[in-house]
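Everything on this sheet refers to the single structure shown next.
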Amino acid sequence: MNRSEFERAIAGLPFEKAAFFESIGSTNDVVAEWARDGVMRFSIAAADEQTSGRGRSGRLWFTPPGSALAFSLLLDLAPSFDKTLLGRASGLGALAVSGALEGLGLRPEIKWPNDVLLDGKKVAGILPEAHWAGEHLQVLILGIGVNVSSDSVPPASEVSFPAASLEDFLRKKIDPGELLRAILESLVVWKTRMSEPDFIDAWQAKLAYMGNSVQLENADGPAVLAVVEGLADDGSLKMRMENGELRTFQAGEIQLRPLLTEK
Ligand code: BTN
């Protein structure tokens, strides 16, 4: 995406601050810096290339020039923001990206909490970062990366989950500015509806592996099998364990892996 495509994409949307970079370390860091400087309202930083893009769990996120969407939003949710909504914010970006992909005729699924999949392959990832002052949530940043062309897809040896690009599925060029616009329009709508029950319903309706057995991986022990039962009110994941117990996990506690027999 270039600067004029970015400016067209955000025209008329309610951003306090917006910036585009040809190349930057990480757009999440740009927005965090703005927050430290006192920016508190809805804002966006986007880049054509990230040289140190971050993924979840300390992984790197690959954003070579001319191949992907990479942008970060400062969400104007504090100070009345409660912890239920914090969990829901994790789904906000995934719902927005999914809405835009449906507009392109695709059928995205969301691998909890917020990876966007097409045909079982990851095409977009979301990195929420909350900044706290003690118990007080100061700012919530939502970083969104979308693999647009195949150049944005890292080699299979470097990813922990199979990845693909949108153009692999559409087999035509995508206008990155139009895609960004569609994601932002969807996000602006869902942001106002985050406390409504249908926010969780919409997120759950797109949940990958719903009702299926998956492997649960966490940092402390061997992977175990469990069935995906759906979302709790705060966006945490309900899982039926092999011993019949229903457990709830917060984002970051576990990773889901499909069984080899499934896609
Ligand atoms: C993941 O699935 O691991 C999350 C990937 C998030 C990538 C985006 S790209 C824009 C923003 N800046 C970053 O450094 N990361 C996020």
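Bear in mind that the values in this text are calculations on the coordinates, not laboratory data. It should be emphasised that the depicted structure is a prediction, and the values quoted were computed from it without experimental measurement. Here Cβ is always computed from backbone atoms with ideal geometry, including for glycine, and neighbour counts include all displayed protein chains.
A compact table of results
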| read-out | value |
| --- | --- |
| Cα-based radius of gyration of the range 1-76 once divided by 2.2 N^0.38 Å, which approximates compact folds | 1.07 |
| Estimated [θ] at 222 nm from DSSP helical runs (n ≥ 4, -39500 (n - 2.57)) normalised by residues in the chain, nearest 500 | -8000 deg cm²/dmol |
| Members of Lys172/Lys206; Lys111/Lys172; Lys206/Lys238; Lys173/Lys206 lying beyond 23 Å, as alpha-carbon distances in this model show | Lys172/Lys206; Lys111/Lys172; Lys173/Lys206 |
| Ellipsoid equivalent to the range 100-144 - semi-axes via the Cα gyration tensor, in Å | 29, 10, 7 |
| Convex hull volume of the range 55-142 per residue (C-alpha atoms, cubic angstrom) | 120 |
| Antiparallel bridge percentage (DSSP; both residues within the chain; nearest 5) | 80 |
| By average C-beta atoms within 10 angstrom, highest first, the peptides 114-122, 66-74 | 66-74, 114-122 |
| Cα extents of the range 39-196 along the three principal axes, largest first (Å) | 45, 30, 26 |
| At R0 = 25 Å, FRET efficiency that the Cβ-Cβ distance of Asp198 and Asp82 yields, to 0.05 | 0.85 |
| Computed Kirkwood radius, in angstrom, where 1/r is averaged over Cα pairs of the range 123-263 | 17.8 |
| Kyte-Doolittle at least -1.0, axis length at least 20 Å by Cα - qualifying DSSP helices, the chain | 83-103, 176-192 |
